[in-house]
Amino acid sequence: RSGGFGGADGLAEFLAVRGIDRLIDATHPFAVQIGAHAKSACEAMSVPRLRLLRPPWPREPGDRWIEVADLAEAARRLPAFGDRVFLTVGQRDLDAFAGLDLWFLVRTIEPPARLPLRRAQWLSGRGPFAVEAEVALLREHGIDVLVTKASGGEATYAKLIAARRLELPVLMVRRPPSPPGPVVESVPAALAWLDHPA
């Protein structure tokens, strides 16, 4: 299914109409709203719920990560790290950086409806990305600092390897907490849960 359900009530109705008796929430680690809706809907309908959450990226020797609580903190701290920024946080999150007089290379899958940044260049891209290409991209644009979310996954990990090689700082936005409940990190574990939901 593509698109929303109309909030927690809409999802609860969907579960009832379809006779669904198990729910696996495999949404993005930063998809806070749908996670909360899934929890509420499952509780209302007494449907067992599992969170399938890919593991975060591991910090490696040589990484210069600065963990921040949210996008607002990233924006506050960003000017201390240079003038040229590689921003890979998603098109819905660009407003947090709108007041900064920095130059941004913004990469998103789809073009943003508007680019609210004073000085910016937009770049289309969908992972997986090659490490050497990411190194070349950072060098070509003279990037001083990378800003990203702690999303995990292999598709966009190459940018972090590239930043490590070039000894660039990375402002890493921490994941929001998941709703309480069982969590697994792999599809096989999720399939096993289907046989024995907690």
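Work out how much length R118 to R64 would gain on full extension: take 0.36 nm times their residue separation and subtract the Cα-Cα distance, in nm to one decimal. Show your work: numbers first, answer last.
Values: separation 54, 0.36 × 54 = 19.44 nm, distance 2.68 nm.
That works out to 16.8 nm of additional length.
Using a Gaussian network model of the chain with C-alpha springs under 10 Å, which one of T156, T88, T27 is most mobile by mean-square fluctuation?
Fluctuation is largest for T27.
Mind checking which of P61, P177, P111 has the largest fluctuation in a GNM of the chain, springs on alpha carbons under 10 Å?
P61
Once you have all Cα-Cα distances for the stretch 110-198, histogram them in 10 Å bins from zero and send the whole-percent values.
P(r) over the stretch 110-198, rounded to whole percents: 13, 33, 29, 17, 7, 0.
Sort H141, H196, H37 by accessible area with a 1.4 Å probe, largest first. Kindly include the intermediate steps, with their values, before the conclusion.
Details: H141 25, H196 150, H37 50 Å².
So, going from the largest accessible area down, we get H196, H37, H141.
Could you tell me what fraction of 2.2 N^0.38 Å the Cα radius of gyration of the stretch 59-172 comes to, as a two-decimal ratio?
Values: Rg = 12.8 Å, N = 114, 2.2 N^0.38 = 13.3 Å.
Here the Cα radius of gyration is 0.96 times the empirical estimate.
Ignoring ligands, DNA and RNA, how do S124, S2 rank by accessible area with a 1.4 Å probe, largest first? Before the final figure, lay out the partial values.
Values: S124 70, S2 120 Å².
Heavy-atom accessible area, descending, gives S2, S124.
Could you check what % of the DSSP bridge pairs in the chain are antiparallel, to the nearest 5? Could you put the intermediate results ahead of the total?
Working: 0 of 28 bridges.
The antiparallel fraction comes to roughly 0 percent.
Report the trypsin sites (Lys or Arg not before Pro) located in the stretch 93-198 that are in a DSSP loop and have at most 11 other Cβ atoms inside 10 Å of their Cβ, or state none. Mind showing how you got there, number by number?
On the way: sites: R107, R114, R118, R119, R126, R139, K149, K159, R164, R165, R174; in loops: R114, R118, R126, R174.
Of the trypsin sites (Lys or Arg not before Pro), the ones in loops of the stretch 93-198 whose Cβ has at most 11 other Cβ atoms within 10 Å are R114, R126.
Dimensions of the chain along principal axes (Cα, Å, largest first)?
54, 35, 26
Suppose we look only past 16 Å in the calculated P(r) of the stretch 42-124. What percent of the Cα-Cα pairs does that tail hold?
Details: 2146 of 3403 pairs.
It works out to 63 percent of all Cα pairs.
Based on a Kirkwood Rh over C-alpha pairs, give the Stokes-Einstein translational diffusion coefficient of the stretch 1-99 at 10 °C and viscosity 1.306 mPa s in µm²/s. Mind showing how you got there, number by number?
On the way: Rh = 16.6 Å.
Approximately 96 µm²/s, per Stokes-Einstein.
Determine the per residue accessible area of the chain with all protein chains present and a 1.4 angstrom probe, expressed in square angstrom.
Values: 10530 Å² over 198 residues.
With all protein chains present, the chain gives 53 Å² per residue.
Only helical DSSP H runs with n ≥ 4 go in: add -39500 (n - 2.57) per run for the chain, normalise by residue count and round the 222 nm mean residue ellipticity to 500 deg cm²/dmol. Could the numbers behind the result be given before it?
Details: 6 runs with 60 residues, N = 198.
After summing the helix terms and dividing by the residues of the chain, the value is -9000 deg cm²/dmol.
For the chain, what % of the accessible area comes from carbon and sulfur atoms, probe 1.4 Å? Kindly include the intermediate steps, with their values, before the conclusion.
Working: 5540 of 10530 Å².
Carbon with sulfur: 53 percent of the solvent-accessible area.
May I ask you to evaluate 6.51 cos²θ - 1.76 cosθ + 1.60, the Karplus curve with θ = phi - 60°, for each residue of the stretch 28-43 and list the ³J(HN,Hα) values in order in whole Hz, giving x for glycine and proline?
The phi angles translate into 4, x, 9, 7, 5, 5, 5, x, 5, 5, 4, 4, 5, 5, 5, 5 Hz.
So for the chain, taking the charge dipole from beta-carbon charges (+1 Lys/Arg, -1 Asp/Glu), which of L53, S186, T156 sits furthest toward the positive end?
Positive-end residue among those listed: T156.
The values are calculated or read from the model by the stated rules, or taken from the named source; none is laboratory data. This structure is a prediction, so every number in the text was calculated from the model and none was measured. For neighbour counting, all protein chains shown are included, and Cβ atoms are generated from backbone atoms with ideal geometry for every residue, glycine included. Please note that ligands, DNA and RNA were not included when accessible areas were found on the heavy atoms of the full protein model with its side chains. Shrake-Rupley method; radii C 1.70, N 1.55, O 1.52, S 1.80 Å.
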